[in-house]
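> My structure is below; once you've seen it, I'll send some questions.
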Amino acid sequence: MSVVTTTMHGDIAVLTIDNPPVNAASQAVRQGLMDALIATEKSKPAAVVLTCAGRTFVAGADIREFDKPFLEPMLPDLLNAIEAATRPWIAAIHGTALGGGFELALACSHRIGAPSAKIGLPEVNLGLIPGAGGTVRLPRLIDPVEAARLAVTGKPISASEAHKLGLFDAIAEGELLDAAIALAKDAAAKPLPTPLLTRAAPEVERAAWDAAIAKLTAKARGQNSPHEAAAAVRDALDHSGTDALKLERERFMRLKGSPQSAALRYIFFAERTVGKSPRTKGVAPRPLAQIGVVGGGTMGAGIAAAALLSGLKVQMIERDQDASNAGAARVEGILGGSLKRGLISEAKHTALLASFNADSNYSALAEADLVIEAVFEDMDVKKQVFKALEAACKPEAVLATNTSYLDVNEIAASVADSSRVIGLHFFSPAHIMKLLEIVVPNNVADDVLATAIQLAKALHKLPVLAGVCDGFIANRIMSSYRREADYLLEDGALPHEVDAAMRNFGMPMGIFEMQDLAGLDIGWAARKRRAATRPASERYVDIPDRICEQGHFGRKTGRGWYLYGEDGKPARNPEVEALIIAASARKGIPRLSFSEEAIMARILGCMQNEGAAILAEGIAASREDIDVTMVNAFGFPRWMGGPMFMKDA
Ligand code: 3H9
């Protein structure tokens, strides 16, 4: 059966694409549409309505086809043919019309959207540009700067924005199909609009254009595709539609073969692969209506806010009334911020506050389905909390720890039924960061694991499963390259050189800036704790300890690896640099000079070696788990795929 079917509604032909899960424009869809086009050009209905079954309009080209040669009919040819049709074609859009799906809608003579529909050109996120006329038709339909915004940022827009910009002829009131058929009848009675491809491109003053593009591409860092998308839209303004289409296609094909696109496509699928465990196949998760959070510090408050914003009820527990009030104030602060930024409405804000309660008595957790402990990182403190949870919670409640490196097996063993205990390692700020490391202890029950994965989905987070070890996946790799960065200091580099190398590689900040931001005291405490068990043979760099001994903990004290003045910008710290040079001299290490490439070779090599060890030990099940972690926890550049992808490439 074809994935495109035609039904007649009076004299209107309704074509329905049915290609789950997201109606991607695969070869079968393209062929089905081409056949339907030929048929309707022959049968001559008054107009054609193009609609999709399932949850969405066409969400783009089928990305899975990108690693093979494209098969006929090509999407650009199909769209040119649709645009040249003698009948009006009305795209009836629900869900998301993205990439090639949005380009398909642009080739139609009219577009109508459901109020909840979204449209966008996310190709840049795959290291590509639109490759089926998006950059050519769009600036011939709407303001070219707005067209560039869609193509360069890859961010989708709502139906109402699309309508305002002139992308939608109408927004459906009531049933989308009925409204589309009404629009089709109306369109059939009027002359066809001039095809976008044959329209003249609007004139845009060069200086204004360059300024707008500079703003749009400012955050691209080392990623090529946003710059390429901007250049493609510019080509579309400087050339005829037909010529611009050829240029767009050449650019698209070149990018499709580029390492950045291969990496971005890899990470796209990797993010959709993680969190799928054979252990939870067919296993029903436990209910998840009310969440408990123990601890109202930065992490606990962030977790509580994340859960509230995802529609869950939250009970917070703190050790006394004052701490409980302070925790509640932190949560209210986060929700207030969301309200201020327009992310939630006044009514939603009120409703979220009504779903939240903070208390100092564990008995308030009696109804909680899952409780996340986010207290001080100390094994004895954690064990006491778990004892209290065991006494207060219903027996089927899942008990989770947010520890970032303590032994989750030991925590689990502190309660009678260790199968209900799991690690849920959030990253700060927990209401923003996408990654959730699910730490899987030896005895955990399958449905507890399934519940943790379900929670991640409910919170719109990426679940990565990790085995129990010091630091799990994320912090174990980070500790190892942080240590390597310390070695680089003793070997001859300075903090600003290491940080610049990392930033120029594409990380959002360098390792030393990051430590200053997080607070140097955290790592110092961890190093002191581990001092007793550290092998004497291990190379140990004491420079950060010396900085902390002077009471300098980074940004919060105005001094750390860097100095922070009024403007908050990090400036080189001569005292620290002297400390570093003295450390090399003390150990008799000749100071060498390092290029940025040499610095990154050591840092990357270290990430990759630790990653390989993590895989060999079974702490991570696949390289995807490691790469998704590095991209989403530490801002490893997506367009490089991740350290393990780079190693294999
Ligand atoms: C393009 O269009 C190029 C053109 O300009 C030119 C061509 C010549 N292809 O994300 P989900 C799979 S480039 C194949 O979990 P959601 C996905 O892997 C494309 N497969 O759902 C997953 O599979 P599985 C431009 C795709 O509801 C399943 O669908 N378009 C594609 O959270 C569900 O996905 C884009 O970049 C695809 N295009 O989000 C849009 N898309 O179940 C990419 C998804 O086996 N897609 N799959 O793990 C998205 O952004 C989201 O999937 C979407 C739904 C918002 C649509």
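> Along segment 380-388, what does the Karplus equation 6.51 cos²θ - 1.76 cosθ + 1.60 (θ = phi - 60°) give for ³J(HN,Hα), rounded to whole Hz, x for Gly and Pro?
5, 4, 4, 4, 4, 4, 5, 4, 5
> On to the next question. Order 545, 359, most accessible first, counting only protein heavy atoms with a 1.4 angstrom probe.
359, 545
> How far apart, in nm, are the 7 Å Cα→Cβ label points at residue 11 and residue 556?
Taking the simple label geometry, residue 11 and residue 556 are separated by 7.5 nm.
> Hey, what's the chain come to in accessible area per residue, 1.4 Å probe, Å²?
Result: 42 Å² of accessible area for each residue.
> Accessible area of residue 277, 1.4 Å probe, to the nearest 10 Å²?
Counting only protein heavy atoms, the figure is 20 Å².
> What is the dipole size for segment 236-324, taken about its Cα centre, with +1 at each Lys and Arg Cβ and -1 at each Asp and Glu Cβ, in debye to the nearest 20?
Once rounded to the nearest 20, the dipole reads 660 debye.
> For residue 9, what residues show an amide H to amide H distance below 5 Å, using hydrogens built from the backbone and excluding near sequence neighbours?
Placed amide hydrogens put 14 under 5 Å from residue 9.
> Which order, highest average first, do 601-612, 128-139 follow once you tally other Cβ atoms within 10 Å for each residue and take the mean per peptide?
Top to bottom by mean Cβ count within 10 Å: 128-139, 601-612.
> What dipole magnitude, in Debye to the nearest 20, does the chain give about its Cα centre under +1 on Lys/Arg Cβ and -1 on Asp/Glu Cβ?
380 debye
> Taking amide H atoms as placed 1.01 Å from N in the peptide plane, list the residues 5 or more away in sequence, or in a different chain, whose amide H sits under 5 Å from that of residue 465.
Excluding prolines and chain starts, which carry no amide H, the hits are 275, 438.
> Now for a separate question. List every residue whose amide H lies under 5 Å from the amide H of residue 118, counting only residues 5 or more places away in sequence or on a different chain, with H placed 1.01 Å from N in the peptide plane.
95, 96, 97
> Taking every pair of Cα atoms in the chain, average 1/r, invert it to obtain the Kirkwood radius, and report Rg/Rh to two decimals.
Over the Cα atoms of the chain, Rg/Rh equals 1.02.
> Fully extended, how many nm does the chain gain between residue 164 and residue 649 (0.36 nm per residue separation, minus their Cα-Cα distance)?
Extending this stretch completely gives an extra 170.2 nm.
> What's the FRET efficiency of residue 616 with residue 43 using the Cβ-Cβ distance as r and R₀ = 60 Å, to the nearest 0.05?
Working from the Cβ atoms, E equals 0.45.
> Helix 446-458 sits at what angle to the longest principal axis of the chain, using alpha carbons and giving 0 to 90 degrees rounded to 10?
Helix 446-458 and the main axis of the chain meet at about 60 degrees.
> From the protein chains alone at 1.4 Å, what is the descending order of accessible area for 44, 394, largest first?
Listed by decreasing accessible area, they come as 44, 394.
> Please list 3J(HN,Hα) in residue order for segment 428-433, calculated via the Karplus relation 6.51 cos²θ - 1.76 cosθ + 1.60 where θ = phi - 60°; whole Hz, with x for glycine and proline.
Along segment 428-433, the couplings run 8, x, 5, 7, 10, 5 Hz.
> Near residue 75, within a Cβ-to-Cβ distance under 11 Å, what is the net charge of the other residues, with Lys and Arg +1 and Asp and Glu -1?
That sum, taken over residues with Cβ under 11 Å, equals -3.
> Can you send over the solvent-accessible area of residue 376, 1.4 Å probe, protein chains only, in Å² to the nearest 10?
140 Å²
> For residue 596 and residue 81, what is the calculated FRET efficiency with R₀ set at 35 Å and r taken between the beta-carbons, to the nearest 0.05?
The value I calculate is 0.10.
> So, one more: Could you tell me the calculated FRET efficiency between residue 53 and residue 246, based on Cβ-Cβ distance and R0 = 45 angstrom, to the nearest 0.05?
0.85
> For residue 396 and residue 353, calculate 0.36 nm times their separation in residues minus their Cα-Cα distance, and state this gained length in nm to one decimal.
12.8 nm
> How do the peptides 467-476, 142-151 rank, highest first, by the average count of neighbouring beta carbon atoms within 10 Å per residue?
Averaged packing, sorted descending, gives the order 142-151, 467-476.
> Calculate the length of the line joining the C-alpha centroid of segment 585-622 to that of segment 441-481, in whole Å.
Their Cα centres are 24 Å away from one another.
> Which one of 637, 601, 588 is farthest out on the positive end of the charge dipole of segment 578-649, using unit charges on Cβ (Lys, Arg +1; Asp, Glu -1) and the Cα centre as origin?
So the residue furthest toward the plus end is 588.
> Separate question: Express in Å², to the nearest 10, the accessible area of residue 539 obtained by rolling a 1.4 Å probe over the protein heavy atoms while all chains stay in place.
Only protein atoms counted, so the area is about 80 Å².
> Take every Cα pair under 8 Å in segment 397-449 that's 6+ residues apart, average their separations, divide by the length, and report that relative contact order as a whole percent.
Answer for segment 397-449 is 37 percent.
> Please determine, in degrees from 0 to 90 and to the nearest 10, the orientation of helix 144-153 with respect to the longest principal axis defined by the Cα atoms of the chain, where the helix direction is its Cα long axis.
40 degrees
> Tell me, what ³J(HN,Hα) does each residue in segment 530-543 have, in order and in whole Hz, if you take phi through Karplus 6.51 cos²θ - 1.76 cosθ + 1.60 with θ = phi - 60° and put x for Gly and Pro?
Along segment 530-543, the couplings run 8, 3, 5, 9, 6, x, 4, 6, 6, 5, 10, 9, 9, 4 Hz.
> Test of understanding: what is the full-extension gain from residue 432 to residue 585, defined as 0.36 nm times their sequence separation minus their Cα-Cα distance?
So the extension gain works out to 50.7 nm.
> Taking 8 Å as the Cα distance limit and 6 or more residues as the minimum spacing, I'd like the relative contact order of the chain as a percentage.
With pairs under 8 Å counted, the relative contact order is 10 percent.
> Below 8 Å between Cα atoms, with a sequence gap of 6+, how large is the relative contact order for segment 497-632 in percent?
20 percent
> So how far apart, in nm, are the two label points at residue 27 and residue 572 if each is 7 Å from Cα heading toward Cβ?
Between residue 27 and residue 572, the label points sit 5.9 nm apart.
> If you don't mind, another one. Work out the length of the dipole vector of segment 354-452 about its Cα centre, built from +1 on the beta-carbon of each Lys and Arg and -1 on the beta-carbon of each Asp and Glu, and round it to the nearest 20 debye.
I would put it at about 120 debye.
> With the full set of protein chains in place, find how many percent of the accessible area of segment 554-599 is carbon and sulfur; take the probe as 1.4 Å.
57 percent
> For a label point 7 angstrom out from the Cα of residue 298 toward its Cβ, which stretches of segment 340-381 have the backbone nitrogen within less than 17 Å?
Only 374-378 fall inside the zone, counting backbone N under 17 Å.
> For the chain, what is the mean residue ellipticity at 222 nm derived from helices alone (per DSSP H run of n ≥ 4: -39500 (n - 2.57); sum divided by total residues; nearest 500 deg cm²/dmol)?
Dividing the helical sum by the residues of the chain leaves -14500 deg cm²/dmol.
> Next question, about the same structure. Once the convex hull of the alpha carbons of segment 108-239 is built, what does its volume come to per residue, in cubic angstrom?
110 Å³
> Please give the helix 321-340 orientation as an angle from the longest Cα principal axis of the chain, in degrees from 0 to 90, rounded to the nearest 10.
Computed tilt is about 20 degrees.
> For segment 288-386, what is the Kirkwood estimate of the hydrodynamic radius, computed as the reciprocal of the mean inverse distance between distinct Cα atoms, to one decimal in Å?
After inverting the mean inverse Cα-Cα distance, the result is 13.4 Å.
> Could you bin all the Cα-Cα distances of segment 203-314 into 5 Å bins starting at 0 and give me the percent of pairs in each, rounded to whole numbers?
2, 9, 11, 10, 12, 11, 9, 9, 10, 9, 6, 3, 0
> Just grab the label-to-label distance for residue 190 and residue 413, each label 7 Å out from Cα along the Cβ direction, in nm (one decimal).
According to this spin-label approximation, the distance is 7.5 nm.
> Can you give me the % of accessible surface on segment 100-197 that is carbon or sulfur? Probe 1.4 Å, all protein chains present, nothing else counted.
The nonpolar share, carbon plus sulfur, comes to 54 percent.
The values are calculated or read from the model by the stated rules, or taken from the named source; none is laboratory data. It should be emphasised that the depicted structure is a prediction, and the values quoted were computed from it without experimental measurement. Methodologically, a virtual Cβ is constructed for each residue, glycine included, from the backbone with ideal geometry; neighbour enumeration extends over all protein chains shown. For accessibility, only protein heavy atoms count, side chains too; no ligands or nucleic acids. Shrake-Rupley method; radii C 1.70, N 1.55, O 1.52, S 1.80 Å.
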